[in-house]
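The values are calculated or read from the model by the stated rules, or taken from the named source; none is laboratory data. Nothing here was measured: the structure is a model prediction, and the numbers come from that model. Don't worry about glycine lacking a Cβ; one is built from the backbone with ideal geometry, like all the others, and counts go over all protein chains shown.
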């Protein structure tokens, strides 16, 4: 009788996970997508180029990562969650092995910081619910209640980096990796700049109280779009290259669930990072092309896809939730089609804001810093 009860509970946990993720997607559609907004990372810039799989591979062979194969490539950089590059924000880099706006055989979504601010679908829900943003200050109660999230924020936030290009980006939650030898493994990915470039924007000894304060510095002279303008110029005048890297580890029958915890990095001495592909950017896209660019964790071969989750507390439920948010993207695209396409974010004085509407209407409002 007990195995039957356990089986029913396990089945219900998976059903509840599906309901939970789809309900959360519905909330995003109502509150953001229909207003032509992403859940975060709204004000970004995209570029196209090529991705070349490395020839001397030190990671297990995989039929998708053929040595020397060249893919078209599109990336997008952005600052989260605000519209101001000069704020103390998490920075992102998303990749697709395609030049298309959405269709792709392989997508990755990454942020700065080796660990995250949340670790499951349930903790992400708490993170979103406890944002309580006010004039560039957010998550004070969340950080107080969840010190792990505070630690992740301290490692992920970047203030006034010189460029999107010199940062390090991590896809923190593991993925499946079944290579040509048919051995089941797990994989993590990251992107670093090609060449010996020092990472900028890191804040040393950020105190707990100040972590919530993401406002621009007093007398800030950098514009809201300074990182995007710098990246446009860099791609136009310099060589812009990245190294996409991979960590792999073999799956075990008695797997420790903590290996899926995105708050726990894998030991680099045991599971070293190896080059997977070289990304070379050739041209940046305009505002509309960058805004339409979208990514999905369902854009992956089955042997490289997200790891199935068992419930809303499962560490792998994060990627499950991301993969099941497709309707939010579709509704955002429909809102672009049937409503006026959003204007490019201006360099006005309405700073410390994530409110697209208020930024656009700044000239009709009284600005209070």
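Residues satisfying the criterion are absent from segment 48-55 (criterion: in contact with a helix residue (DSSP H, G or I) (Cβ under 6 Å, 6 or more places away or on another chain), outside any loop (DSSP other than H, G, I, E, B), touching a residue at least 24 places away in the same chain (Cβ under 8 Å) and closer than 26 Å to residue 238 by Cβ). Candidates 279, 297, 285: the one that is closer than 29 Å to residue 12 by Cβ and either in contact with a helix residue (DSSP H, G or I) (Cβ under 7 Å, 6 or more places away or on another chain) or touching a residue at least 24 places away in the same chain (Cβ under 8 Å) (or both) is 297.
This table checks each residue for (1) part of a helix (DSSP H, G or I); (2) touching a helix residue (DSSP H, G or I) at 6+ places or on another chain (Cβ under 8 Å); (3) over 29 Å from residue 309 (Cα atoms).
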site	(1), (2), (3)
59	no, no, no
71	no, no, yes
85	no, yes, yes
90	no, yes, no
103	no, no, no
126	yes, yes, no
143	yes, yes, no
154	yes, yes, no
161	no, yes, yes
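Scanning segment 163-197 for residues that are farther than 20 Å from residue 77 by Cβ and part of a loop (DSSP other than H, G, I, E, B) yields 179, 180, 181, 182, 183, 196.
Being over 20 Å from the mean Cα position of the chain (by Cα) and either at pLDDT below 95 or assigned to a helix (DSSP H, G or I) (or both) is true for just one of 268, 220. Which residue is that? Step through it out loud before you land on a result.
Working: 268 fails: either at pLDDT below 95 or assigned to a helix (DSSP H, G or I) (or both).
Only one candidate passes the filter, namely 220.
It is to be established whether one or more residues within segment 71-78 are closer than 23 Å to residue 350 by Cα, crowded, with 20+ Cβ neighbours inside 10 Å and without any contact (Cβ under 8 Å) to a residue 60 or more places away in the chain. Looking for residues that are closer than 23 Å to residue 350 by Cα, crowded, with 20+ Cβ neighbours inside 10 Å and without any contact (Cβ under 8 Å) to a residue 60 or more places away in the chain, one finds at least one in segment 71-78, hence yes.
Quick one: is residue 42 buried (at least 23 other Cβ atoms within 10 Å of the Cβ), assigned to a loop (DSSP other than H, G, I, E, B) and touching a residue at least 12 places away in the same chain (Cβ under 8 Å)?
Details: buried (at least 23 other Cβ atoms within 10 Å of the Cβ): no; assigned to a loop (DSSP other than H, G, I, E, B): yes; touching a residue at least 12 places away in the same chain (Cβ under 8 Å): yes.
Criteria not met by residue 42.
Comparison of 200, 211 shows that the only residue that is exposed (fewer than 15 other Cβ atoms within 10 Å of the Cβ) and within 20 Å of residue 79 (Cα to Cα) is 200.
Give me the residue from segment 130-156 that is closer than 23 Å to residue 358 by Cβ and surrounded by 16 or more Cβ atoms within 10 Å (Cβ to Cβ) and, out of that set, farthest from the chain's Cα centre (by Cα).
So the first thing to find is which residues in segment 130-156 are closer than 23 Å to residue 358 by Cβ, and the list is 130-140.
Subset that is surrounded by 16 or more Cβ atoms within 10 Å (Cβ to Cβ): 130, 133, 136, 138-140.
Details: 130: 20, 133: 20, 136: 20, 138: 19, 139: 18, 140: 22 Å.
The residue in question is 140.
Of the set (1) modelled with pLDDT of 95 or more; (2) within 21 Å of residue 85 (Cβ to Cβ); (3) not in a helix (DSSP H, G or I), all apply to residue 347 but (1). Checking each residue in segment 73-83 for being touching a helix residue (DSSP H, G or I) at 6+ places or on another chain (Cβ under 8 Å) and not in a loop (DSSP other than H, G, I, E, B) picks out 76, 77, 79.
For segment 309-323, the criterion of being touching a residue at least 40 places away in the same chain (Cβ under 8 Å), part of a helix (DSSP H, G or I), more than 16 Å from residue 174 (Cα to Cα) and within 19 Å of the chain's Cα centre (by Cα) is met by no residue.
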